[in-house]
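Participant: My questions will all concern the structure given below.
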Amino acid sequence: MNSETTATLRPVAESAGLARSLVERTLRAWDCVELVEDALIVASELVANVVRHARTEARLNIRRDPSSIRIAVFDTSPRPAVVREVRDPMIGDGGRGLVIVRELSSRWGVDHHDGGKTVWADLRDPRLSRPSGVSSSVADREHVDEPGDLEDAADGVL
């Protein structure tokens, strides 16, 4: 079974929907149905951010490891990824993407590369037990800024 799927998405609004379709098909093929709902939201938010702010092609990477699924989106924009805290959720026209990603993921971060950045989020597989002594607290939801690990090659353009 392939444990990684990659696609290149054009900078158009429809790309978020294409990303959701790919994520759902991939996670169902991997028998990770427990993660589908959150993964669809995370992928949609990450791709929408590229379309809205970076305005470049996005390379979506979905990777499975023994304890989690990583959803990563690479773009070639030099603009930093910014978490915009929303004071009044009833007012505004967006800006909550990375806040949502932060809340749904066990870890997330931004890797800076020559020629762009990768914003990624890990979703822990609930079927796997936590190591003893580790609680499911807000402390588990960390933001990490580290060197990238998204492969350069893309499987296809959507």
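Participant: Taking residue 29 and the conditions (1) closer than 12 Å to residue 62 by Cβ; (2) surrounded by 13 or more Cβ atoms within 10 Å (Cβ to Cβ), which numbered condition does it fall short on, given that it satisfies the others?
Facilitator: Every listed condition holds for residue 29 apart from (2).
Participant: Among the listed residues 43, 16, 7, identify the single one that is in contact with a strand residue (DSSP E or B) (Cβ under 8 Å, 6 or more places away or on another chain), buried (at least 19 other Cβ atoms within 10 Å of the Cβ), assigned to a helix (DSSP H, G or I) and touching a residue at least 24 places away in the same chain (Cβ under 8 Å). Outline the logic, then answer.
Facilitator: On the way: 16 fails: in contact with a strand residue (DSSP E or B) (Cβ under 8 Å, 6 or more places away or on another chain); 7 fails: assigned to a helix (DSSP H, G or I).
None of the others qualify; the one that does is 43.
Participant: What tally of residues in the range 61-76 results from selecting those that are more than 8 Å from the chain's Cα centre (by Cα), over 17 Å from residue 33 (Cβ atoms) and part of a strand (DSSP E or B)?
Facilitator: Summing the residues that are more than 8 Å from the chain's Cα centre (by Cα), over 17 Å from residue 33 (Cβ atoms) and part of a strand (DSSP E or B) in the range 61-76 gives 4.
Participant: Inside the range 55-84, can you point out the residues that are modelled with pLDDT under 90 and surrounded by 18 or more Cβ atoms within 10 Å (Cβ to Cβ)?
Facilitator: Passing the criteria: only 81.
The values are calculated or read from the model by the stated rules, or taken from the named source; none is laboratory data. Since the model is a prediction, treat every value here as computed from it, not as a measurement. We place every Cβ from the backbone using ideal geometry, glycine too, and count neighbours over all the protein chains shown.
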